[in-house]
Each structure stands twice: as C-alpha cells, then as structure tokens.
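Okay, structure first, notes after.
Where a number appears in this text, it was derived from the coordinates with a stated rule and is not lab data. Please read these numbers as outputs of a predicted model, since none were measured by experiment. Here the Cβ positions follow ideal geometry from the backbone for every residue, glycine too, while neighbour counts run over all protein chains shown.
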Amino acid sequence: RMGRARDYLRQVEDAISYFDRSITLLEMIDSAHRSGEHLRTLAHAWISKGTAILNLGDFAEAQSVIEHGLTIAQAGSQLIHEDELKNLLVMGHMNLASVIWSIDDPATAIKMFEKVITLIRDHEGYESDVNSLYKIAMTRTNIGLCYYRSEDTDSALVELKSSLKIVKKLVFELHQDQFASEFVLVCTNLASIYEERGNIEKALDILNEAI
C-alpha cells in the first residue's frame, strides 16, 4: 500500500512538473500575441495544476493556483470560444469548490457548487447532454454532503434526492450504464442519512434499490 501511495504521489508530482513546463512555454508568448487558444490552454494548465496540488493536500496553494487560472480565463473571455470558456469556468469553479470544502468551509463551498450548476445551465441544450446532467448530479451530491457536514440533514436529503433523480434518468432512461456506480454512491449516501435519522425502513428500501 505504501508503494502504491508513493507511486500515486510521484505521478501527481510528475503531472505538476508537466503543467509547469506547459505554463512556462505558453507564458513566453508575448501577451499581445496570445490567441484565444493560447489563453484557453494556459488557463487550463493553471487550473489542472491547482487540481493536482489539491491531491497533494496543499489546499492554500491549490486555491491560489486555481484562482489564477480562472482569472486568466475570465480576462481572455473576448478571445476564448464561448463554449470552451464555459467549460473552463465549470472546471475551475468545481475544483475550487472542492478546495474550499477540503478546508472545512462548507457554506462557501455550497455557494461555489451552486455557481457551477448555474454555469452548466448556461449551456444551450444542457437538459439532453449526458455529461452536463452527470456534472449537475455530482455537484448536487457534493452540495448534499456539504449540508451533511454542516449537520443540516434536511437540506442534505433534498440535494441528494435531486442528484438521485438525475442519475436514475442517466442510467435507466438514457441507458448510460457507465454511471451505475454513481447511482449506487448516491443511494448509499441517502441510506446513511436515513439510517442516522432512525428511518431504517427507508434506508433499506434505498439500498435494495441500489442492489
């Protein structure tokens, strides 16, 4: 297990090194000559680097790096293609919310996750886009878990039920079997809360549904 952990950390550190090289090369281009694609790639590299740093547990540095990537994306909003910009902002804010959650600030994380959902809904046709629906479902799950950490189980249940409804649609109506594990995950989280609240029958019903 220790060997696997070292391998994982080495891979993350290698990824950070790769992002650093990409950032260095991109920043050598004079700012006056940077195209929308240059700015998109640069912002993506900063956000991805911050996400890798998050995996190392350096939350303050991760937050700073991701915020820098978002600043680049927003500053280049006139040059970056609209859909690519929205994808960058969704990615950045989702990862930033995860950082905020990790430093035990669930209230701020909830606001950030809600912003992610707003950004996704700005995409035309998101209601029928599998990836958009998946991201909304998982974001709702994260919001529910933030509420749970804040000991607001009523709100946690609302969010997790909303997530479950979307994941059910993905798996059973749209036949996206790759999301079956997410369906089980949301059911398990819901069942745990019902069990904690003493509603064992409801918890068992949900677990049976997952099975």
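Just a few scattered comments:
- The lysines within cross-link reach of K168, meaning a Cα-to-Cα straight distance under 16 Å and a gap of 8 or more places when in the same chain, are K135.
- Gaussian network model of the chain, Cα within-10 Å springs - most flexible of M112, M94, M28: M28
- Rg then Dmax, both in Å and based on the Cα atoms of the chain: 19.2, 64.
- For the chain, the longest principal axis of the Cα atoms and the long axis of helix 36-56 meet at an angle of about 50 degrees.
- Across all C-alpha atoms in segment 1-121, the radius of gyration and Dmax reach 15.1, 49 Å.
- Relative contact order (%) - the chain, alpha-carbon pairs under 8 angstrom, separation at least six: 11 percent
- Helix axis angle, 59-75 relative to the chain longest principal axis, alpha carbon, degrees: 60 degrees
- Across segment 19-32, rounded Karplus estimates of 3J(HN,Hα) from the backbone phi angles (6.51 cos²θ - 1.76 cosθ + 1.60, θ = phi - 60°) give 4, 4, 5, 4, 4, 4, 5, 5, 7, 6, 6, 4, 4, 6 Hz, Gly and Pro being marked x.
- Among the trypsin sites (Lys or Arg not before Pro) in segment 149-211, those placed in a DSSP loop whose Cβ has at most 14 other Cβ atoms within 10 Å are R197.
- Residue-wise HN-Hα coupling along segment 114-131, computed from phi with Karplus coefficients 6.51, -1.76, 1.60 (Hz; x: Gly, Pro): 4, 5, 4, 4, 4, 5, 5, 5, 6, 6, 5, x, 4, 4, 10, 8, 4, 5
- Value at 222 nm in deg cm²/dmol, rounded to 500, when DSSP H runs of n ≥ 4 in the chain each add -39,500 (n - 2.57): -26500 deg cm²/dmol
- Nearest 10 degrees, 0 to 90: helix 153-168 Cα axis against the chain principal axis: 80 degrees
- Longest DSSP-loop-exposure-free segment, GluC sites (Glu not before Pro), the chain, at most 14 other Cβ within 10 Å: 1-123
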